[in-house]
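In what follows, a structure is listed as structure tokens, so that the remarks can point back to it.
The values are calculated or read from the model by the stated rules, or taken from the named source; none is laboratory data. Please read these numbers as outputs of a predicted model, since none were measured by experiment. When we count neighbours, we look across all protein chains shown, and the Cβ atoms used for this are built from the backbone with ideal geometry, even at glycine. Accessible surface is based on the protein model in full, side chains and every heavy atom, while ligands, DNA and RNA are left aside. Shrake-Rupley method; radii C 1.70, N 1.55, O 1.52, S 1.80 Å.
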Amino acid sequence: MNTIALVGNPNSGKTTLFNALTGSNQHVGNWPGVTVEKKEGKFKYKGNQYNVVDLPGTYSLGAYSEDEVVARDYILKGNPDIVINVVDATNIERNLYLTTQLMEMGVKVIIALNMMDEAKQKNIEINLDKLSKELGVPIIPTVAAKSQGLDLLIDKSIDSIKKEKYSNKSFSYGKDIDSEINEIEKILDNLDLQYPKKWIAVKLLEGDKEIYSLLSKKASQPIKDRLIDIEEKSSEYELEIVDKRYEFIGNIVNQSIKKPSEERETVT
Ligand code: GDP
Ligand code: K
Ligand code: MG
């Protein structure tokens with residue numbers, strides 16, 4: 001049975017989508033070791049059964065909260081067949097920050113661009129083809145609260161699951177950080193890790209404590225020594241990494257989304 005993971009910012013409509021898909025066929029528990037709620041359910045579609053996991057809402061996938069760690073551990077270790085990234089169409093720029101991190105995790109991603117009814121009401125014009133092409137991720141418009149767009153979302157998710165090869169689009173963090181990432185990937189080459197090396201490299205440069213402690217358990221002494229150097233540099237790179245993600249998103253949003261002007265002058 002294929003498993004679908006729902007990931008997105010708080011209030012993007014994940015649970016609404018989860019309920020619309022699974023109806024009453026769901027189970028609520030806790031993730032092991034933490035007090036974070038775990039929602040899992042099943043649904044039947046075109047003769048097949050699917051398992052759905054509603055992950056905690058997060059703005060990022062760092063190690064800053066239990067919610068973030070639960071979500072990212074599940075994405076990387078729970079082996080979902082596809083991640084549906086639920087994005088609030090009225091707040092695309094902020095929501096895509098999480099998307100940029102999913103793109104680096106080496107998992108199949110599809111975007112449910114939700115709240116399309118509200119986006120329409122607010123006269124937000126979205127060029128879906130352009131947005132999808134620039135991100136390298138399929139995008140399906142949905143109104144989860146009215147169960148609109150869900151069949152197409154599941155059809156496209158199944159298409160993606162069936163595709164053998166998968167490579168997410170990558171973007172640049174600038175010359176210095178990119179070459180640092182390359183260096184770190186080389187150092188990690190001989191280690192047996194469950195995570196994509198590029199993702200680990202970026203996390204190390206962001207100063208991610210969980211990833212440092214994971215690696216210091218696995219690595220040999222020369223690598224541990226290098227990790228100390230990298231950790232020192234991370235304070236210098238951390239903010240730049242965040243900036244570059246927003247820069248990447250900003251360019252894409254400028255090209256594909258038109259909002260009605262917010263600063264219209266009032267005539268007195
Ligand atoms: P979650 O935090 O991501 O699980 O978000 P919820 O599913 O709890 O949804 C947050 C709020 O948005 C709820 O009040 C939902 O009823 C509402 N909502 C969800 N999907 C839509 C939608 O497509 N359009 C509109 N207008 N509201 C929605
Ligand atoms: K709302
Ligand atoms: Mg929810």
Matching residues in segment 1-50 - criterion: being in contact with a helix residue (DSSP H, G or I) (Cβ under 8 Å, 6 or more places away or on another chain) and within 16 Å of ligand 2 (Cβ to nearest atom):
Gly8, Asn9, Ser12, Gly13, Thr16, Leu17, Ala20
Out of all the residues in segment 102-114, is one or more closer than 27 Å to Leu131 by Cα, open to solvent by 20 Å² or more (accessible area, probe 1.4 Å) and not in a loop (DSSP other than H, G, I, E, B)?
no
For segment 135-149, indicate whether the set of residues that are at negative phi, open to solvent by 60 Å² or more (accessible area, probe 1.4 Å) and not in a strand (DSSP E or B) is non-empty.
yes
Please tell me if Glu247 is in a loop (DSSP other than H, G, I, E, B) and open to solvent by 80 Å² or more (accessible area, probe 1.4 Å).
no
Scan segment 84-112 and report the pairs whose first residue is of a type in the set (S, T, N, Q) and whose second residue is open to solvent by 10 Å² or more (accessible area, probe 1.4 Å) and within 16 Å of ligand 2 (Cβ to nearest atom), with Cβ atoms within less than 7 Å and a gap of 6+ or a chain change.
Thr90/Met115; Thr90/Glu118; Thr90/Lys122; Thr90/Ile124; Asn95/Asp88
Quick one: in segment 73-93, of everything that is over 20 Å from Leu17 (Cα atoms) and either at pLDDT 95 or above or of a type in the set (Asp, Glu) (or both), which residue is most open to solvent (accessible area, probe 1.4 Å)?
Glu93
Unmet criterion (only one of (1) within 16 Å of ligand 1 (Cβ to nearest atom); (2) surrounded by fewer than 19 Cβ atoms within 10 Å (Cβ to Cβ); (3) assigned to a strand (DSSP E or B); (4) modelled with pLDDT of 95 or more) for Lys38
(4)
Selection status of Asp129, under 19 Å from Leu6 (Cβ atoms), away from ligand 1 (no atom under 16 Å from the Cβ) and open to solvent by 20 Å² or more (accessible area, probe 1.4 Å)
no
